[in-house]
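The values are calculated or read from the model by the stated rules, or taken from the named source; none is laboratory data. In this text the structure is predicted, and so the values were computed from the model without any measurement. FYI the Cβ positions are ideal-geometry reconstructions off the backbone, even for glycines, and counts take in every protein chain you see.
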Amino acid sequence: MNHLGGDKVIFTFKPNMEPVISINSGESILVETNDCFYQQIQREDQVLMEIDFDRINPATGPIQVNGAEKGDILKVRIDKIDVADKGTAAVVPGHGVLADLAKVPIVKIFNIEDGYIDFNGMKLPINPMIGVIGVAPSDQEGDCPTQTPWKHGGNMDTTDIREGSTLYFPVNQKGALLALGDCHAMMGDGEVCFTGLEIPAKVRLYVEVIKNKHINWPIVENNLGTMIVASGDDIDKAIYSGTEEAVRILSKVLDLSFEEAYLLGSIAMDLKISQVVDPKKTIRAFIPKWLVDTEKIIEKLY
Ligand code: CA
Ligand code: ZN
């Protein structure tokens with residue numbers, strides 16, 4: 001199988017990136033990812049502000065997928081996420097939802113044993129996910145730092161980006177140029193204090209190019225539904241963009257007027273918070289499979 005080590009990283013998704021490996025549509029690849037601190041935090045007594053913040057959120061890649069052209073979709077199935085045996089979470093004063101209330105920095109290191117961590121005597125089950133995954137942005141969007149989620153993906157911090165899920169990205173550049181990192185052993189929707197349980201991982205992906213299909217935002221599919229993952233400068237803008245794309249998709253795929261699709265979205269679609277702590281905020285609009293299958297959605301897109 002194709003294999004990419006964690007020493008090949010980017011800190012910005014750029015329209016023109018040099019790929020470090022190329023693979024074919026229909027192949028799998030094992031990708032090693034670093035934690036979001038680039039493993040700079042190893043001890044609980046470490047001073048958080050002393051780490052190099054220019055080396056935050058390394059994403060392993062870029063991976064060129066042969067045959068992917070602008071105007072296609074890159075389908076990425078997450079077959080396995082194996083996390084390391086130790087992860088880090090932190091409170092950084094001045095960050096997160098309660099930035100004004102959190103005064104004392106904390107670093108916590110958790111060992112993972114048989115799929116659980118010990119939090120002050122409580123056994124909590126891990127639930128691994130990928131924080132940063134994306135492709136090269138379009139020329140108009142320009143450079144997107146790996147801290148920021150946007151139309152190319154990036155720091156979406158979406159709990160449903162996990163083992164068994166399938167992602168669909170708009171291909172903006174030849175070869176798509178996929179990169180990923182910032183895995184979390186655990187994270188709650190919102191990621192309220194600014195970090196998940198940050199951890200290095202080995203991720204096995206299967207990729208496929210879907211020719212001549214257009215989406216404006218990444219899509220995540222799980223066995224229950226199809227999620228449009230949209231981001232914005234604030235949560236209201238993210239909600240607007242995600243709802244707009246979802247309603248347009250419902251209208252097109254189910255052959256409804258805009259207003260009928262809008263109404264259907266109101267009675268059958270769920271908006272869920274992904275994260276509220278990154279430079280842009282992220283939501284997902286969840287269209288259940290009992291309403292329409294992901295396969296039909298992708299097939300009907302143009
Ligand atoms: Ca993140
Ligand atoms: Zn993270």
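Points worth noting:
- Sole residue being within 16 Å of ligand 1 (Cβ to nearest atom), more than 20 Å from the chain's Cα centre (by Cα) and over 27 Å from residue 1 (Cα atoms), chosen from 92, 104: 92
- Of the strands (runs of 3 or more DSSP E) contained entirely in the range 131-187, those carrying at least 3 residues that are within 16 Å of ligand 2 (Cβ to nearest atom) fall at 153-155, 178-184.
- Checking each residue in the range 13-27 for being of a type in the set (Gly, Ala, Ser) and either loosely packed, with under 15 Cβ neighbours inside 10 Å or within 16 Å of ligand 2 (Cβ to nearest atom) (or both) picks out 22, 26.
- Filtered by the rule that a residue be among the small types (Gly, Ala, Ser) and either farther than 22 Å from residue 160 by Cβ or in contact with a helix residue (DSSP H, G or I) (Cβ under 9 Å, 6 or more places away or on another chain) (or both), the range 206-261 gives 225, 230, 231, 232, 246, 251, 257, 261.
- Contact map, the range 180-207: residues that are assigned by TED's automatic domain parsing to the domain that holds residue 97 paired with residues that are of a type in the set (Asp, Glu) and more than 10 Å from ligand 2 (Cβ to nearest atom), Cβ distance under 6 Å, separation 6+ or inter-chain. Pairs shown: 202/32; 202/82; 204/79; 206/79.
- Hey, residue 157 of a type outside the set (S, T, N, Q) and at positive phi or not: yes
- Test for residue 213: is it part of a strand (DSSP E or B) and more than 16 Å from ligand 2 (Cβ to nearest atom): no
- The listed residue being in a helix (DSSP H, G or I) and among the hydrophobic types (A, V, I, L, M, F, W, C), out of 256, 263: 263
- Yes/no for residue 50 being modelled with pLDDT of 95 or more, more than 20 Å from the chain's Cα centre (by Cα) and surrounded by fewer than 16 Cβ atoms within 10 Å (Cβ to Cβ): no
- Residue check for residue 67: surrounded by fewer than 20 Cβ atoms within 10 Å (Cβ to Cβ) and either on the phi > 0 side of the Ramachandran plot or modelled with pLDDT of 95 or more (or both): yes
- Within the range 78-125, restricting attention to residues that are in a strand (DSSP E or B) and touching a helix residue (DSSP H, G or I) at 6+ places or on another chain (Cβ under 7 Å), the residue that is surrounded by the most Cβ atoms within 10 Å (Cβ to Cβ) is 90.
- Matching residues, the range 28-43, being away from ligand 1 (no atom under 15 Å from the Cβ) and not in a loop (DSSP other than H, G, I, E, B): 28, 29, 30, 31, 32
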